[in-house]
Amino acid sequence: MKPMRILAINPGASSTKIGIYEDDHALLEKVILHSLEELSQFDSVAAQREFRRDLVLQALHEAQLPLQFDAVVGRGGLLRPLLGGVYEVDEPMCTALRHAPRQHPCNLGTILAYELAQQCGCPAMMADPGVVTEMDDVAFFSGSPYIERECFWHALNQKAVARRYAHSVGKHYREMRLIVCHMGSGISVASHKDGRAIDVNNALDGEGSFSVGRSGSLPVAKLINLCYSGRFTEAEMLDHIMRGCGLQGYLGTSDMKAVMRRVEAGDAKAKLAVDAMVFQTAKEIAAQNAVLCGSVDAILITGGLAHVPYVTDSITRRVEHIAPVKVFPGEDELLALAQNALDVLRGNIKLKHYQPEPWELSYPQSANELSQLNQEAQSDEIANAPTVSAKRPVVAAILAGGTGKRFGADVPKQFLKLGEKTVLEHSVDAFQANSSVDEVIVVCHADFVKDVEDLCLRNKHWSKVRAVIDGGKERTDSSLRAIQWCGGRDVDILIHDAVRPLVTQRVICEVCEALVKVEAVGVVLPAVDTVLLTQAGRVTAIPERNTVRRVQTPQGFRLQTLSKAYERALQDVAFKATDDFGVVHKYMPEATTVLVEGDERARKLTYPQDLPLLEQILKQTQP
């Protein structure tokens with residue numbers, strides 16, 4: 001069998017590691033160091049791309065290795081959460097990474113892999129990025145309805161070590177129940193069961209044990225006091241918990257070798273700080289024992305700090321009663337990348353495809369770009385509206401009040417299956433997943449409140465759902481019930497039809513962003529057919545098609561504006577409405593409004609023939 005030649009790229013904060021392999025045999029492994037002075041000339045991580053790429057090419061030239069590979073694989077970047085595996089890298093993925101809200105050197109691994117693969121005409125891949133999310137539903141609960149747990153962890157190395165250990169005992173990774181602890185610049189501890197990491201801490205910015213530079217979990221009230229003390233800006237506070245805490249904060253250095261020299265020289269303060277880090281890490285491991293219900297095959301310790309016997313021995317003494325402890329020093333991330341690519345090339349595993357959401361392809365990279373985009377997107381009406389200094393909480397009201405009589409189904413159409421979920425579940429999931437939305441309520445017919453409540457119990461990750469309420473007889477009754485539920489709070493409210501299940505994250509974000517400047521936001525698409533206005537069967541007008549728009553949801557409002565519009569509308573004996581934006585337009589003409597572009601995928605389920613069309617759209621949008 002022909003050996004496969006693979007280039008692996010792993011950019012870090014101060015280095016770019018590369019490895020060239022024939023199958024899993026290393027031909028070259030090199031660490032290209034970057035000084036602070038070199039990197040300080042760039043104003044962002046993304047701007048370092050050409051600098052790092054040229055150094056990789058230079059290293060290949062110096063090693064007299066041609067740019068000829070069967071695959072190029074890069075460290076995965078911080079995309080939206082996805083399942084573990086090996087993913088094809090293409091231009092849309094690279095665009096999403098260039099525009100990613102979280103900029104980190106790992107994003108460059110995927111982008112560089114794509115550029116170099118393009119040059120040598122081979123596939124580009126990424127494997128098990130730090131955003132791999134496979135947690136059980138209960139693991140997403142943080143304790144606050146405004147905060148959902150998320151995981152940024154050492155997925156690549158943890159999974160590689162877990163597979164290596166499983167192979168060493170003659171089993172498959174999917175058969176094992178393991179606790180894996182990676183100790184590096186951050187410390188991540190995960191429970192691995194049936195080939196998934198069912199619970200893991202956020203090792204990037206503040207959860208779990210403190211490490212050489214990161215804070216880990218902190219006492220909440222004292223953290224809030226520190227945030228409001230005036231000592232730090234928001235950016236400085238984030239930098240503090242990621243780089244200025246842990247051993248760096250207690251001892252003035254994050255160099256573990258220097259710390260251990262102090263411990264060996266009898267420095268009691270240094271010893272106590274290291275013992276505290278060990279203590280917290282062991283507690284995290286013990287907590288994962290509960291996640292696995294006390295059935296653990298082994299505890300695996302890996303990462304750079306696993307080279308320090310004092311650390312691994314101390315942890316072992318605290319947790320070896322749970323399961324045997326095995327130590328795998330270092331990271332071997334380059335080899336792990338190469339082995340994943342080799343498995344794809346050999347046909348052992350299937351290459352996955354990542355489909356970015358539209359909002360990922362246009363997210364601004366900087367404050368200046370955001371400002372420019374806002375200026376281009378906003379009308380004169382928005383620009384002249386009063387500026388709001390702080391974003392209000394956002395409540396999404398999902399209207400699911402239909403009974404299904406007109407649709408002709410045995411159940412209301414919002415309870416029909418679309419793929420593996422009901423139509424309503426797709427709609428709630430969209431708002432649950434959107435970081436701009438703080439609360440969700442579902443408004444439904446009184447006969448189906450219990451059915452919706454059962455869905456809420458089944459979907460344990462719906463941490464934002466606050467209530468299921470009776471919506472009344474007509475659609476306007478449902479909107480009024482949602483307004484009443486919000487009370488007199490200073491909030492923004494989104495009104496969404498439950499039977500538009502494939503609403504995109506981009507549309508939700510744009511509606512919420514526009515509400516910072518205006519009082520009402522409509523979502524529209526251009527008309528594709530000529531429209532006739534008729535009366536008594538006679539054509540009264542044919543408007544220019546370019547002036548006609550199709551209305552979608554969600555529509556967004558400042559609560560007080562929508563409430564006031566309905567107050568005026570209810571005084572009109574001829575009041576009749578099919579959407580809330582129309583109520584504001586007619587009864588509060590003084591309100592500032594704007595339209596944002598909708599999405600063809602947010603098709604409304606109106607007739608039975610719409611369901612197969614939505615199923616086709618769903619298949620096309622799933623990774």
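Which of the following values of semi-axes √(5λ) of the Cα gyration tensor in Å was calculated from the structure shown: (i) 48, 28, 25; (ii) 56, 28, 20; (iii) 37, 32, 21? Correct label, based on the coordinates given: (i).
Here segment 424-470 and segment 583-623 have alpha carbon centers that stand 19 Å from each other. When nucleic acids and ligands are ignored and a 1.4 Å probe is applied, residue 212 ends up with an accessible area of around 20 Å². Candidate cross-link partners of residue 17 among the aspartates and glutamates, defined by an alpha-carbon separation under 18 Å and a same-chain spacing of 8 or more, comprise 29, 38, 50, 54, 62, 115, 128, 331, 332, 333.
Taking amide H positions as modeled 1.01 Å from N, with prolines and chain starts lacking one, the residues under 5 Å from residue 15 and 5 or more places away or on another chain are 34. Projected label points at residue 91 and residue 120, each 7 Å from Cα along the beta carbon direction, are separated by 2.3 nanometres. Considering the zone a paramagnetic label at residue 564 would reach in this model (a point 7 Å from Cα along the Cα-to-Cβ line), which residues of segment 509-546 have amide N under 14 Å from it? Within reach of a label on residue 564, which here means backbone N under 14 Å from a point 7 Å along Cα→Cβ, segment 509-546 contributes 518-520. Take every Cα pair under 8 Å whose residues are at least 6 apart in sequence, average their separation, divide by the length of segment 402-555, and the relative contact order is 20 percent. The angle between the Cα long axis of helix 268-291 and the longest principal axis of the Cα atoms of the chain comes to about 60 degrees, rounded to the nearest 10. Once both labels are positioned 7 Å from their Cα atoms along Cα-to-Cβ, the gap between residue 265 and residue 619 label points is 6.8 nm. For an R0 of 41 angstrom, estimate the FRET efficiency from the Cβ-Cβ distance between residue 600 and residue 489 and round to the nearest 0.05. Result of the calculation: an efficiency of 0.75.
Computed from Cα positions, the angle between helix 610-621 and the longest principal axis of the chain comes to roughly 30 degrees. Length gained on full extension, residue 28 to residue 524: 173.0 nm, using 0.36 nm per residue less the C-alpha separation. Remark: spin-label model distance residue 573-residue 137 equals 5.1 nm, labels positioned 7 Å along the Cα→Cβ axis. Ligands, DNA and RNA are left out, and with a 1.4 angstrom probe the accessible area of the chain is 48 Å² per residue. Grab the beta carbon distance between residue 534 and residue 350, set R0 = 51 Å, and tell me the FRET efficiency rounded to 0.05. E(calc), rounded to 0.05, equals 0.40.
Taken as Cα centroids, segment 88-147 and segment 474-508 sit 32 Å apart, rounded to the nearest whole angstrom. Measuring against 23 Å, Cα to Cα, the residue pairs 193/450; 421/450; 413/586; 421/473; 450/473 contain 193/450; 413/586; 421/473 as the ones spanning a longer distance. Given Cα pairs under 8 Å that are at least 6 residues apart, what percent is the relative contact order of segment 540-612? It comes to 27 percent, rounded to a whole number.
Calculated mean residue ellipticity at 222 nm for the chain: -11000 deg cm²/dmol, from DSSP H runs with n ≥ 4 weighted as -39500 (n - 2.57), summed, divided by the residue count and rounded to 500. Helix 449-458 axis versus longest C-alpha principal axis of the chain: approximately 10°, rounded to the nearest ten.
If the chain linking residue 551 and residue 146 were pulled fully straight, counting 0.36 nm for each residue of separation and taking away their Cα-Cα distance, it would gain 142.8 nm. Segment 14-57 and segment 509-573 have Cα centres spaced 52 Å apart. The calculated FRET efficiency for the pair residue 320 and residue 255, based on their C-beta separation and a Förster distance of 25 Å, comes to about 0.30.
The values are calculated or read from the model by the stated rules, or taken from the named source; none is laboratory data. Computed from a prediction, not measured in an experiment: that's the story for all the values here. Cβ sites come from the backbone with ideal geometry, for glycine too, and all protein chains shown count toward neighbours. Note: areas computed on protein heavy atoms with side chains; ligands, DNA, RNA excluded. Shrake-Rupley method; radii C 1.70, N 1.55, O 1.52, S 1.80 Å.
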